[in-house]
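This report concerns only the one structure given below.
Derivation of every value follows stated rules applied to the coordinates shown; laboratory data play no part. In this text, all values refer to a predicted model and were calculated from it rather than measured experimentally. Counting neighbours? That spans all protein chains shown, and the Cβs are built from the backbone with ideal geometry, glycine included.
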């Protein structure tokens, strides 16, 4: 196959993914973002990159959003929301963070392939995304892509859709958001 044929197949897989995501679960996440004082995000590997981009867009909207592990991240408190993106829902460091957030009394949202995973069971809000885990013998969605690529791409697009829904609810547009964009570059 040519590169453009691979790209077409990836886009087809992503289009199919949309039909497998629950609007009800997604709207619950938006509602919780709206009602939380601070939002914390985490993910490992490529899922972590997706979480960082999500935190950045939330910051552009004036939300107090932080990436867990950064030196400027404040402490997590009882009224805060912790959003974890994890395909497997079993990444040890993320499970540990979820357990700690649960002990503190905050709200945990899991965006995962496996809602019954350790992180999914700790979560107050769970959003199931389609995708194949790194172990391609598990999961209910087949993909031509390696490892967790489909989940990671769907995660990024899901986070961007959450941003659009939040913008709609808060009557924001890109022009209003540019006031929070980096200006020392």
message = For the chain, set up a GNM with springs between Cα atoms under 10 Å and report which of 77, 27, 171 has the largest fluctuation.
response = 171
key: Residues in region 94-116 reached by a label modelled at residue 24 [backbone nitrogen below 18 Å; 7 Å Cα→Cβ]   = 110-112, 115-116
request  = Starting from the Cα of residue 5, step 7 Å along the direction of its Cβ; do the same at residue 93; then give the gap between the two resulting points in nm.
outcome  = 3.9
request  = Select from 143, 73, 126 the residue whose mean-square fluctuation is largest in a Gaussian network model of the chain (Cα-Cα springs shorter than 10 Å).
outcome  = 73
remark   = Note to self: C-alpha centroids of region 1-65 and region 68-105 sit apart, in Å, by 17
Relative contact order for the chain, counting Cα pairs under 8 Å that sit 6 or more residues apart, in percent = 23
query = Per residue, what volume in Å³ does the Cα convex hull of region 1-47 take up?
reply = 112
request  = Report, in deg cm²/dmol and to the nearest 500, the calculated mean residue ellipticity at 222 nm for the chain, where each DSSP H run with n ≥ 4 adds -39500 (n - 2.57) and the sum is divided by the residue count.
outcome  = -15000 deg cm²/dmol
inquiry  = Quick check: residue separation of residue 144 and residue 49 times 0.36 nm, minus the Cα distance between them. What number comes out in nm?
reply    = 32.0 nm
task = Using label points projected 7 Å from each Cα along Cα→Cβ, tell me how many nm separate residue 73 and residue 124, to one decimal.
result = 1.9
task = In a Gaussian network model over the chain where Cα atoms closer than 10 Å are linked, find which of 103, 121, 142 has the largest mean-square fluctuation.
result = 103
task = Find the percent of Cα-Cα distances in the chain that exceed 24 Å, and round it to a whole number.
result = 37
